[in-house]
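Here's the structure, in structure tokens; my notes come after.
Quick note: the coordinates plus some simple rules give every number you see, no bench work behind them. These figures come from a predicted structure and were not determined experimentally. Heads up, the Cβs are rebuilt from the backbone with ideal geometry, glycines too, and the neighbour counts pull from every protein chain shown.
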Amino acid sequence: MKYKKGFTLIELLVAMAIAGIVIASVYAAYRVQQKSYLAQDQVAAMQQNLRAAIIMMEREIRMAGYDPLGSSGARIEVATATMMRFTMDIHDGVDNDGDGSIDEDDEAGSGDGDTGDVNENIIYVRLDPDGDGIFDLLRRDGVVPGDQLIAENIDALDFVYLDQDGNVTGTLGEIRSVQITVVARTARFDRGYRDTDSYLNQQGTVILPQQGDSFRRRRLTAEAICRNLTF
């Protein structure tokens, strides 16, 4: 054929440049969406973890001092800003499920006159169990050896103790309710994000100052009324 049409080198270069720009734009949009998804996924997991921990702590602390027979001596044993230990008499001393031991499945609420059974002597504390600089919220049982992991990546755990008039107290016998505040962070840092917040408890006291790092954090707080302590 006399006339043969095709693409010149310049046309090919222009087409490749345009295609490169389009592909780069699509990839950039994908990266932004992927980053946002991962960040939100971590935040959601952190919030769920934190919420479950607060619910568990609030439920158990409400039972502090439960003593249906009046002879177990159940009470709040230790009350500091970063640790709480309390006892309760929730077992009737009978192996109701026939597993050979008195455990959580045998809780009857009628009591057996002591606080030496499973789930009757509880400690909540924030520790670094692995020594890697990452602190977790742990639950200790006076009967079961070892620590139970309640929540991971906990930057602050704070207890405030109130008397019957709602005033802060440091006297064990005056405690009638406990304000619980927990600050958790994501497992991974988020590039481009910087946490400049300070985190307070319900009394307005700073329990975690500005960290200035790239971890996302959430604070959750609750108040547990110790209904079994004498008013």
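In the chain, if the dipole is taken from +1 on Lys/Arg beta carbons and -1 on Asp/Glu beta carbons about the Cα centre, which of L200, I23, Q164 is farthest to the positive end?
It is I23, whose Cα lies furthest towards the positive end.
Using the Kirkwood radius over Cα pairs, work out the Stokes-Einstein diffusion coefficient for the chain at 25 °C and 0.890 mPa s, in µm²/s as a whole number. Numbers along the way, then the final one.
On the way: Rh = 21.2 Å.
Estimated via Stokes-Einstein, D reaches 116 µm²/s.
When Rg is the radius of gyration of the Cα atoms in region 124-175 and Rh is its Kirkwood radius, what does Rg/Rh come to?
Details: Rg = 14.4 Å, Rh = 13.0 Å.
Radius of gyration relative to Kirkwood radius: 1.11.
Which of I21, I154, I54 moves most in a GNM of the chain, Cα contacts under 10 Å?
I21
Can you pull out the chymotrypsin sites (Phe, Trp or Tyr not before Pro) in region 1-85 whose DSSP state is coil and whose Cβ has at most 10 other Cβ atoms within 10 Å? Each step should come with its number before you reach the end.
Values: sites: Y3, F7, Y27, Y30, Y37, Y66; in loops: Y3, F7, Y66.
Taking region 1-85 and a limit of 10 other Cβ atoms within 10 Å, the loop chymotrypsin sites (Phe, Trp or Tyr not before Pro) found are Y3, F7.
Divide, for region 7-59, the radius of gyration over alpha carbons by 2.2 N^0.38 Å, where N is the residue count.
Details: Rg = 22.8 Å, N = 53, 2.2 N^0.38 = 9.9 Å.
Ratio of Cα Rg to 2.2 N^0.38 Å: 2.29.
Between V43 and T196, what is the spin-label point distance in nm, taking each point 7 Å from the Cα along the Cα→C-beta axis?
Going from the V43 label point to the T196 one covers 1.7 nm.
In debye, nearest 20: dipole of the chain around its Cα centre with unit charges on the Cβ of K, R (+) and D, E (-)?
On the way: 23 positive and 37 negative charges, 589 e Å.
Around 2840 debye, computed over the chain.
How far is helix 9-62 tilted off the main Cα axis of the chain, in degrees rounded to 10, range 0 to 90?
So the helix axis and the longest Cα principal axis differ by about 0 degrees.
What distance in nm lies between label points placed 7 Å from Cα along the C-beta direction at A17 and E58?
6.2
Taking the Cα centre of each part, how many Å lie between region 158-231 and region 76-96?
21
Figure the gain on full extension for R188 and T221 (residue separation times 0.36 nm, minus the Cα-Cα span) and round it to one decimal in nm.
Details: separation 33, 0.36 × 33 = 11.88 nm, distance 2.30 nm.
Stretched out fully, the R188 to T221 stretch lengthens by 9.6 nm.
Placing +1 on the Cβ of each Lys and Arg and -1 on the Cβ of each Asp and Glu in the chain, which of Q210, Y124, I175 has its Cα farthest towards the positive end of the resulting dipole?
Farthest towards the positive pole: Q210.
Order these by the 10 Å Cβ neighbour count, fewest first: T87, T205, T169. Walk me through the numbers before you get to the answer.
Numbers: T87 23, T205 12, T169 17.
Ordered from fewest to most neighbouring Cβ atoms within 10 Å, T87, T205, T169 come out as T205, T169, T87.
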